[in-house]
Amino acid sequence: MHPQPVQFSRLHGQQGQAVALACLNQPATLNALTLAMVERLDAQLDAWARDPEVALVVLYGAGGKAFCAGGDVRMLRQLALDPDRERAVAALTRFFAAEYRLDHRIHRYPKPLLVWGGGVVMGGGLGLMAGASHRVVTETSRLAMPEIDIGLYPDVGASHFLNRLGALGRFIALTGTSLNAADALHCRLADVALENDAFPALLERLAGARWQHDAAADRARLDTLLTGLAAESPPTLAPSALAEHAAAILAIAGHATLDDMAAALHACHGDGWLARARERFAAGSPSSRALIWQIGERLKDADLAGALRAELALSVNTCLAHDFAEGVRAQLVDKDKQPRWQPASLDAVDPREIAARFEAPWRGPHPLADLR
């Protein structure tokens, strides 16, 4: 009997109250999201939102190494390589629409929802975490939106939540920079840091707390509980490189054009951290660089629902483009780390091809038209 890809359980507390637990349960793939996982989690969150017994929800990952390493991009690559383009569009649209509905639900969830972001939190994992009312990181947390490495772009609502960070969000998106817990707190992608081994104690306190089934009051109660636990046993965190390099990041990513940013990054003479950011930017897909910049320009004023609707077309079209299949091949299939990007340089990217990715590849109404 195969274990469920997402496991659900409850901790029963005072006066019939329950803490609902959702565990992403694919540790062999660092809990990478499949369509089955997305649909199962979305349906359960919907049921818990309407369940009067459930006071709050905790979402975490199995295995100890990751909360969630993102979407299952090997699977997405196989869908994209289907020679029947119409079938590929339908399958990709189904996956991304389901994932973005789940992300939207978390952002709008009516009860406290805590994400335990220990270990790897990348791509689609950050999409799940970003909208939670309470986002916990630990000394083991490693957050990133590394899609530029595989010819994609930061999606799952990142065109909304990274855009709100201005030049810092642009830098994170274009360099795929890995963030530690202190970085996540610095750029407001996390709310509190706890020791990684404090998870059992956290669950015990959640079960023992008195919840009022009032969203504002219960969120405030959870704030107090997390602050108290952090004060009792503060984690030892590495310093924030984002904070240390804040001035340099603004000088690099604050330019008005992508060419100017690329030149500034190439010319910067910083330490090893900035050098790694420069190398990753240079090694990433040129088309992804151009697309990420255009998303920042065109969606800078989009609300969450508008960003997710735009991302649906962008993601399907970008998965069907050459660089996505090639990037996943190089990074995760053959693992030669030598992607052959087409085009191979930023100045060869056709702006018309990038603009076309914003156009819907499906027929009929927008699958996310009802999001608000």
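Some values worked out for this structure:
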item: Failed item in (1) farther than 30 Å from residue 145 by Cβ; (2) out of contact with any strand residue (DSSP E or B) (no Cβ under 7 Å at 6 or more places or on another chain); (3) open to solvent by 30 Å² or more (accessible area, probe 1.4 Å), with residue 219 passing the rest; result: (1)
item: Residues located in region 1-41, provided they are open to solvent by 30 Å² or more (accessible area, probe 1.4 Å), over 18 Å from residue 75 (Cα atoms) and not small (Gly, Ala, Ser); result: 1, 2, 3, 4, 7, 8, 10, 11, 12, 14, 15
item: Top-ranked residue of region 163-182 - restricted to ones that are open to solvent by 30 Å² or more (accessible area, probe 1.4 Å) and of a type in the set (Gly, Ala, Ser), ranked as nearest to residue 284 (Cα to Cα); result: 178
item: Pairs where the first residue, in region 1-26, is closer than 13 Å to residue 63 by Cβ and the second is modelled with pLDDT under 95 and open to solvent by 60 Å² or more (accessible area, probe 1.4 Å), C-beta under 8 Å, 6+ apart; result: 25/3; 25/4
item: Residue match in region 289-298 (condition: at pLDDT 95 or above, more than 23 Å from the chain's Cα centre (by Cα) and open to solvent by 30 Å² or more (accessible area, probe 1.4 Å)); result: no
item: Among residues of region 183-200, those that are assigned to a helix (DSSP H, G or I), in contact (Cβ under 8 Å) with a residue 24 or more places away in the chain and surrounded by fewer than 22 Cβ atoms within 10 Å (Cβ to Cβ), counted; result: 5
item: Tally of residues being among the polar types (S, T, N, Q) and closer than 25 Å to residue 63 by Cα across region 90-134; result: 1
item: Residue check for residue 114: touching a residue at least 24 places away in the same chain (Cβ under 8 Å), open to solvent by less than 10 Å² (accessible area, probe 1.4 Å) and either of a type in the set (Asp, Glu) or not in a helix (DSSP H, G or I) (or both); result: yes
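The values are calculated or read from the model by the stated rules, or taken from the named source; none is laboratory data. Quick caveat, the model's predicted, so the values are computed rather than measured. When we count neighbours, we look across all protein chains shown, and the Cβ atoms used for this are built from the backbone with ideal geometry, even at glycine. The accessibility values were calculated without ligands, DNA or RNA, using every heavy atom of the protein model including side chains. Shrake-Rupley method; radii C 1.70, N 1.55, O 1.52, S 1.80 Å.
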